[in-house]
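Contents: one structure, followed by commentary.
Taken together, the values in this text are just the output of simple stated rules run on the coordinates, not laboratory data. The structure displayed is predicted, hence computed values, not measured ones. Cβ coordinates were reconstructed from backbone atoms using ideal geometry, including for glycine residues, and neighbour counts include every protein chain displayed.
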Amino acid sequence: MQIDVIGDIHGCYDEFVSLTKKLGYEWESGLPVHPNKRKLGFVGDLTDRGPKSLQTIETVFSLVENHLAYYVPGNHCNKLYRFFLGRNVQITHGLETTVAEYEALSPREQSSIRKKFIHLYENAPLYARLDDGNLIIAHAGIRQDYIGRLDKKVQTFVLYGDITGETNPDGTPVRRDWAKHYKGAAWIVYGHTPVSKPRIINHTANIDTGCVFGGALTAFRYPELETVSVPSSMPHVPEKFKTFS
Ligand SMILES: [Mn+2]
């Protein structure tokens, strides 16, 4: 199969459109369609902080419904899902921008987008195993020995990364560098931790190049194993980008 996996969009819809055009997708139908029948993949975190979260949901929903894309959820998707279910979630960490877009809609439009997102989320796998297991898309990645499992431990890892439960001095969770120790043959394509350049090691590719923090939006092309990026229009927030030793 041929697929272009897109990193964390976080409402940066205009960059998403630019990236798909750079990858050769055509928008005549209102959706990005590739003349060579390539598909799109999404690592999750479609919404929050950026300007066009709801338009991003609309487009990804339609792509998945039309079998043009694969989507797996991120931690921001999980929180938005719980918000749409009416659960008592904190409207923080960027969710406030998505909620503000939502609250500006008419009740009818609210109902439409809420139903679409709930449908998208409830029908998404925790992570996607594609190309006979040679390609895995998982929001924060996945350890080799977790592949095939769906239990709570794996859910936490896939949505939040290899967290220790401790926090850094700046309040962010401590995340272990699982990719450094990955020894599998399958390619793991993921996002979640913003990096200034795509980080490709040991058949893992972190393609969250921090678009919403002024970095870039990146795609990983499979089976070519190449990345393609477009610059962000957002202000640059350098402290949001992780560096690895
Ligand atoms: Mn995330």
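Couple of notes before you dig in:
- Under 5 Å between amide hydrogens, built in the peptide plane, is the criterion, and for Thr47 it picks out His10, Gly11 among residues at least 5 positions away or on other chains.
- Distance between region 1-68 and region 151-219 - C-alpha centres, whole angstrom: 21 Å
- Checking every one of the trypsin sites (Lys or Arg not before Pro) in region 102-209 against DSSP loop status and a limit of 16 other Cβ atoms within 10 Å picks out Arg149, Arg176, Lys183.
- Per-residue ³J(HN,Hα) for region 124-134, Karplus 6.51 cos²θ - 1.76 cosθ + 1.60, θ = phi - 60°, Hz, x for Gly and Pro: 7, x, 4, 8, 9, 9, 10, 6, 6, x, 7
- Summing charges over neighbours of Arg176, with a neighbour being any other residue whose Cβ is under 13 Å away from its Cβ, gives +1 when K and R count +1 and D and E count -1.
- Beta-bridge orientation, the chain: approximately 60 percent antiparallel, per DSSP, counting only bridges with both partners inside.
- CD proxy at 222 nm, helix term only [per DSSP H run n ≥ 4: -39500 (n - 2.57); per residue of the chain; nearest 500]: -8500 deg cm²/dmol
- The overall shape of region 136-236 is oblate: from the C-alpha gyration tensor, with semi-axes ordered a ≥ b ≥ c, the ratio a/c is 1.5 or greater and a/b is no larger than b/c.
- For region 1-152: rounded, prolate or oblate by the Cα gyration tensor [a/c cutoff 1.5]: oblate
- Built amide H within the under 5 Å cut-off of Phe42, gap 5+: Ile6, Tyr70, Tyr71, Val72
- For region 14-58, GluC sites (Glu not before Pro) are listed when DSSP marks them as loop and at most 15 other Cβ atoms sit within 10 Å of their Cβ; the list is Glu28.
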